[in-house]
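Below you'll find the structure, written out as structure tokens, and then a few comments.
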Amino acid sequence: MSLFRLDSSILGEQSTSRAVADTAEKAWSRTHPDGRIVRRDLVTSPISADVWTAAVSAGFVPVEQRSEAQAQAKAFVTSLVDELFDAEAYLLAVPLYNYGVSQHVKSWIDLLLTDPRIQGVATPPLAGRPAALVTTRGGGYGPGTPREGWDHATPYYRRIFGDLLGLDLHVSEVELTLAESNPAMAPLRDLAKQQLEAGHASAGKHGELLAQHVLAQAR
């Protein structure tokens, strides 16, 4: 039984989304020490934009007439979707960039949506499987803030992962991650610390929940 982990932060070891996801992963491993973890890092192994173009165009060409690039793109898409179907639980670490979805994550999702097992099916393909979604935001986007409503990523993730794929989402959200490094946000540092602590606590609970769910299904 395996946990699929997705990372997409460009900040490496300084990434808050990775750190919070690490907390969820550790909770998973404590609860399910025999569980396997399959990792896909969209930054260390980025997806070329050309792959999506080839995968989409391949859908309009008979298999025997596809170019080498189209055939390779379709094979790559198949491997990505297989990766998802082979997992029993999911850990998705996805920061907010420029008020929207990271280009790395969007490229990955766009490829998934070219597979007939994902798009156009009557039942969400991963219906009921548990997922911990870790979202991080550099600023504040909550009710009453100057940029309330500017987070265009989290609703999208809920739509794709929850509504389209059918995952049972457990969301950990952390805001104000830039407070420590941005002098203009110095008055918000105490609040940022509270947000981070709450995010880790939430992620830990969700990691444990994922493992418990998988173990219960196996009995």
Candidate lysines - alpha carbon under 24 Å from Lys74, same-chain residues fewer than 8 apart omitted: Lys106
Accessible area of the chain divided out per residue, in Å², using a probe of 1.4 angstrom: 51
Cα centroid separation - the stretch 1-35 against the stretch 175-219, whole Å: 12
The stretch 95-219: relative contact order as a whole-number percent, Cα under 8 Å and 6+ apart: 27
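For the chain, what is the calculated [θ] at 222 nm in deg cm²/dmol (nearest 500), taking -39500 (n - 2.57) for each run of four or more DSSP H residues and dividing by its residue count?
Working: 6 runs with 88 residues, N = 219.
Here the helix-only value at 222 nm equals -13000 deg cm²/dmol.
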The chain: angle of helix 68-85 to the longest principal axis, Cα-based, in degrees nearest 10: 50
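Taking the stretch 45-128, which chymotrypsin sites (Phe, Trp or Tyr not before Pro) meet the DSSP loop condition and have no more than 13 other C-beta atoms within 10 Å? Don't jump to the answer; show the numbers that get you there.
Numbers: sites: Trp52, Phe60, Phe76, Phe85, Tyr90, Tyr97, Tyr99, Trp108; in loops: Phe60, Tyr99.
For chymotrypsin sites (Phe, Trp or Tyr not before Pro) across the stretch 45-128 that sit outside H, G, I, E and B with at most 13 neighbouring Cβ atoms in 10 Å, the list reads Phe60.
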Tilt relative to the chain, helix 16-31 - C-alpha long axis, 0 to 90 degrees, to 10: 80
The stretch 149-210 - Rg and Dmax from Cα coordinates, angstrom: 14.3, 41
Total formal charge among the other residues, if their Cβ is under 13 angstrom from that of Thr16, Lys/Arg +1 and Asp/Glu -1: -4
Portion, in percent, of the accessible area of the chain that falls on carbon or sulfur, probe 1.4 Å: 53
Proximal lysines relative to Lys193, as straight alpha-carbon distance under 24 Å, when same-chain residues fewer than 8 apart are discounted: Lys26, Lys205
Crossing angle, helix 103-112 versus the chain [Cα axis fit, 0-90 degrees, rounded to tens]: 40
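With the Cα gyration tensor of the stretch 73-219 in hand, convert its eigenvalues to equivalent ellipsoid semi-axes via √(5λ) and list them largest first in whole Å. Numbers along the way, then the final one.
Working: eigenvalues 187, 74, 29 Å².
With the √(5λ) rule applied to the stretch 73-219, the semi-axes are 31, 19, 12 Å.
Between Glu68 and Thr44, what's the calculated FRET efficiency when r is the beta-carbon distance and R0 is 45 Å? Round to 0.05.
Values: r = 26 Å, r/R0 = 0.57.
Rounded to the nearest 0.05, the efficiency is 0.95.
Please identify every one of the GluC sites (Glu not before Pro) in the stretch 123-219 that sits in a loop by DSSP and has no more than 12 other beta carbons within 10 Å of its own beta carbon. Please report the intermediate quantities before stating the final value.
Numbers: sites: Glu148, Glu173, Glu175, Glu180, Glu197, Glu208; in loops: Glu148, Glu175, Glu180.
Qualifying residues, ordered by number: Glu148.
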Kirkwood Rh and Cα Rg combined as Rg over Rh, evaluated for the stretch 1-145: 1.01
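For the chain, what's the relative contact order in percent, using C-alpha pairs closer than 8 Å and at least 6 residues apart?
Values: 353 pairs, mean separation 59.3, N = 219.
Taking the mean separation of contacting Cα pairs over the length of the chain, I get 27 percent.
What is the local net charge at Ala127, summed over the other residues whose Cβ is closer than 12 Å to its Cβ (Lys, Arg +1; Asp, Glu -1)?
Working: positive: Arg129; negative: Asp163, Asp168.
Charge balance near Ala127 sits at -1.
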The chain, dipole about Cα centre (Lys/Arg Cβ +1, Asp/Glu Cβ -1), debye to the nearest 20: 200
Distance between the stretch 101-124 and the stretch 36-89 - C-alpha centres, whole angstrom: 10
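The values are calculated or read from the model by the stated rules, or taken from the named source; none is laboratory data. The model shown is predicted, which means the values in this text are computed figures rather than measured ones. Every residue, glycine as well, gets a Cβ built from its backbone with ideal geometry; the counts of neighbours run over all protein chains shown. These area figures cover heavy atoms from the full protein model, side chains too; ligands, DNA and RNA do not enter into them. Shrake-Rupley method; radii C 1.70, N 1.55, O 1.52, S 1.80 Å.
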